[in-house]
Structure formats: structure tokens, C-alpha cells
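The values are calculated or read from the model by the stated rules, or taken from the named source; none is laboratory data. Computed from a predicted model, the values in this text were never measured in an experiment. Cβ: placed from backbone, ideal geometry, glycine included. Neighbour counts: every protein chain shown.
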Amino acid sequence: MDLSTVRRKASTAALLGFRVTPGPLKRAVVRTVAPSYTVGAVCVIEHEREFLVLWQPHRRGWSLPGGLLGRAEEPSDAVRREVAEEVGLDIDPGDPVTVRVDPVEQGVDVVFRVVLTERPDLALATEARKARWTSRAELGPADRDTRGILDVLAHADATSRPGRLLDVRQ
């Protein structure tokens with residue numbers, strides 16, 4: 001038996017063993033060997049081509065409303081909770097418009113967009129010190145996550161590029 005056959009058989013045996021492993025043990029193994037990511041939900045709240053940003057002590061620069069998901073929390077529930085906590089608005093976030101994966105900071109952001117017909121009064125909570133409406137061109141200092149989310153959102157509006165086969169393995 002050649003080396004590639006031995007590797008393939010060992011891999012198959014490992015996968016079969018993994019399949020019959022109890023769920024809690026499976027999750028423990030995956031969490032031990034796989035990278036760990038945090039998951040957040042963020043909302044871009046827009047009105048007349050401007051969006052809402054917040055100044056918060058724990059962020060470096062202006063940031064979008066949102067935060068981390070709680071255990072077993074859906075992204076739409078998390079973003080609704082965070083927006084209510086941070087600026088006092090009760091929103092229906094709709095469906096996510098895009099997802100941002102940051103392999104450097106090991107974070108995943110589920111991005112929602114809410115377009116308003118009028119600007120509401122905001123009730124800033126303890127986290128947010130200031131809020132303002134801005135355009136991308138006039139944003140100024142913003143945290144790394146906010147800039148990354150706005151970049152991904154700009155590309156989400158473009159037509160998706162379909163995948164294609166590049167090469168066939170022999």
C-alpha cells in the first residue's frame with residue numbers, strides 16, 4: 001500500500017470516529033482545534049444618504065450601533081437589543097445585508113441596514129457619549145471595525161460575482 005492510500009484510509013477512519021462521537025465531546029474537540037471567533041450584529045441606520053455613528057469610550061473613533069451576540073441569541077435579536085440600549089430606538093432590522101469576517105481580529109459581523117424616512121430623537125445610553133449623522137466622506141476617525149463594515153457594505157450593493165471552476169484536479 002502506498003503512502004497516499006494509507007493517508008486516505010486513516011482520514012476516513014478518523015472521520016467515521018468523529019461521526020459517532022457524542023455531540024458535547026465533538027464540540028469540545030472542534031473548539032480546541034479550530035480558531036475561535038466572536039460574532040457581532042451591527043446596524044447601519046440611514047437617513048437621506050447619511051448614517052448614524054456613535055462615540056463610545058471603549059471604541060477607537062466613531063462606530064456603528066451594535067454589539068456582540070449573547071449566548072443562543074439570534075443576530076436580529078442582538079442588533080435590535082443593542083440599538084435600543086445604545087440609542088433608544090426600537091427597530092425591525094429586517095434581513096442581514098452582508099457579513100464581514102475579520103481573520104486578523106477573529107470576528108464576524110452580521111450587518112443589517114435600516115433606512116428611515118425621518119430622523120428620530122435619540123436617547124443615548126451610558127455606552128454612547130455622542131451620536132451624529134454623517135456620510136462616508138465626512139466620517140472622520142472611525143474604528144477599524146466600522147471602516148471594514150462600511151467597505152463590505154459598499155460591495156454588497158454591487159452585483160454578486162458568480163463563482164467558476166478554475167482547474168480540475170487529476
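Identify the residue in region 50-61 that is hydrophobic (A, V, I, L, M, F, W, C) and within 11 Å of ARG129 (Cβ to Cβ) and, among all such residues, is surrounded by the most Cβ atoms within 10 Å (Cβ to Cβ). Explain how you work it out, then say what you get.
To start, the set of residues in region 50-61 that are hydrophobic (A, V, I, L, M, F, W, C) comprises 51-55.
Remaining after also requiring within 11 Å of ARG129 (Cβ to Cβ): 54-55.
On the way: LEU54: 22, TRP55: 15.
Result: LEU54.
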Notebook entry, point to check: Tally time: how many residues in region 102-114 are surrounded by fewer than 19 Cβ atoms within 10 Å (Cβ to Cβ) and touching a residue at least 12 places away in the same chain (Cβ under 8 Å)?
Noted result: 5
Next item on the list: Please identify the pairs in which a residue from region 129-149 that is under 16 Å from GLN106 (Cα atoms) has its Cβ atom under 7 Å from the Cβ atom of a residue that is assigned to a loop (DSSP other than H, G, I, E, B), counting only partners at least 6 apart or on another chain.
Entry: ASP143/ARG59; ASP143/ARG60; ASP143/GLY61; THR146/LEU64; ILE149/LEU64
Check: Within region 112-125, is even one residue over 16 Å from CYS43 (Cα atoms) and touching a helix residue (DSSP H, G or I) at 6+ places or on another chain (Cβ under 9 Å)?
Finding: yes
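Applying the selection to region 1-22, what residues are small (Gly, Ala, Ser) and either surrounded by fewer than 10 Cβ atoms within 10 Å (Cβ to Cβ) or not in a helix (DSSP H, G or I) (or both)?
Step one: filter region 1-22 for residues small (Gly, Ala, Ser), giving 4, 10-11, 13-14, 17.
Those that are small (Gly, Ala, Ser) and either surrounded by fewer than 10 Cβ atoms within 10 Å (Cβ to Cβ) or not in a helix (DSSP H, G or I) (or both): SER4, GLY17.
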Note to self: I'd like to check something: does region 67-89 contain any residue that is assigned to a strand (DSSP E or B) and either assigned by TED's automatic domain parsing to the domain that holds ARG132 or at pLDDT 95 or above (or both)?
What the structure shows: yes
